[in-house]
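The values are calculated or read from the model by the stated rules, or taken from the named source; none is laboratory data. Note that the coordinates shown come from a computational prediction; the quantities given were computed from them, not determined experimentally. All Cβ positions, even for glycine, are placed from backbone atoms using ideal geometry, and neighbour counts span all protein chains on display.
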């Protein structure tokens, strides 16, 4: 009889054990830390805590994830390098010219949007048009004369 009474007790204890395990913190992959998106050769994994993007794929010897290069970080690094180089060049130029620092207190001009950019192309004057038409006319006459000479030289067989 003890076995029949102990069965519900064991069942209750096992359920409490399961609930205790569920109360523990789940692994990071189940906590929403990583977001996975399927791509052609595997998955892209986004670490929502750090923002690091990795490309994960199975190359035949197991799954491996490789960090995707961050273009923004590379651009920021290049901008920083160019700013330092620019400061050095300005200092060298100022030393050569005996002028003060190459820095200016003026703000950089605001970049224009495409809609604000206006390209003005001046129209040619009448004199320019006459010169162009004269050149084209001379070239046409020479072409016609050359065709006539070829016909005469080949006896009209062209």
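What number of residues within region 69-86 satisfy the criterion of being closer than 24 Å to residue 47 by Cβ and part of a helix (DSSP H, G or I)?
At the first step, the residues of region 69-86 found to be closer than 24 Å to residue 47 by Cβ are 69-77.
Next cut, part of a helix (DSSP H, G or I) only: 71-77.
Total satisfying the criteria: 7.
Which pairs have Cβ atoms under 9 Å, sit 6 or more apart or on different chains, and link a residue in region 38-56 that is over 12 Å from residue 70 (Cα atoms) to one that is at pLDDT 90 or above and part of a loop (DSSP other than H, G, I, E, B)?
If the second residue must be at pLDDT 90 or above and part of a loop (DSSP other than H, G, I, E, B), no pairs are left.
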